[in-house]
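Have a look at the structure below, then the notes.
Read-outs throughout are calculated quantities, based only on the coordinates presented, and are distinct from any laboratory measurement. Here the structure is a predicted model, which means the values were calculated and not measured. Don't worry about glycine lacking a Cβ; one is built from the backbone with ideal geometry, like all the others, and counts go over all protein chains shown.
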Amino acid sequence: MLMDEFKIKVKDKEHDLKLKKIADGEYQVLYDGSVYEVSIVKRPQENLRDSHYRKENNKIYIDSVIGGIVLKVTKKVGDKVSEGDTIMTLIAMKTETDIKAPESGILSNISAYEGTVVEKGELLFIIDTE
């Protein structure tokens, strides 16, 4: 039986295990002479939504969810934005991704403009919610 081999570290102790995919999200794990059946549960997609922004002192800092190029900016500093408004669109690998306002407020800063290359996690803009 063909299994991928892994080395994992738990509390500074390394363990060798083998993993075999038996179906989508279903695996057999061989560890210490025993075989365990495991299922991989995927997180709901909406949890990923929150990972690209943070709120501090009534300001929301929105970071890029992907690396790419800023294709267009649809708002300008000082504009009032509503939750869900598209602020800018990024393009990567011929796929456009709209970056939307997570809450309503005033667009107080834009860090990336059309044609700018951005990395995943890079600050794109700030919304003041006060």
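Things worth noting here:
- Least to most buried among Val38, Val70 (fewest other Cβ within 10 Å first): Val38, Val70
- Helical contribution to [θ] at 222 nm, DSSP H n ≥ 4, -39,500 (n - 2.57), averaged over the chain, rounded to 500: -500 deg cm²/dmol
- Simple spin-label estimate for Leu123 and Thr86 gives 2.6 nm between the two label positions (7 Å along the Cα-to-Cβ direction from each Cα).
- The Glu103 and Val29 beta-carbon pair, evaluated with R₀ = 41 Å, returns a calculated FRET efficiency of approximately 0.45.
- Computed over neighbours whose Cβ is under 15 Å from that of Lys75, the net charge equals -3, Lys and Arg +1, Asp and Glu -1.
- Residue order, fewest to most surrounding Cβ atoms within 10 angstrom, among Asp32, Asp128: Asp32, Asp128
- Of Leu17, Leu90, Leu71, the residue with the greatest mean-square motion in the GNM of the chain, using alpha carbon springs below 10 Å, is Leu17.
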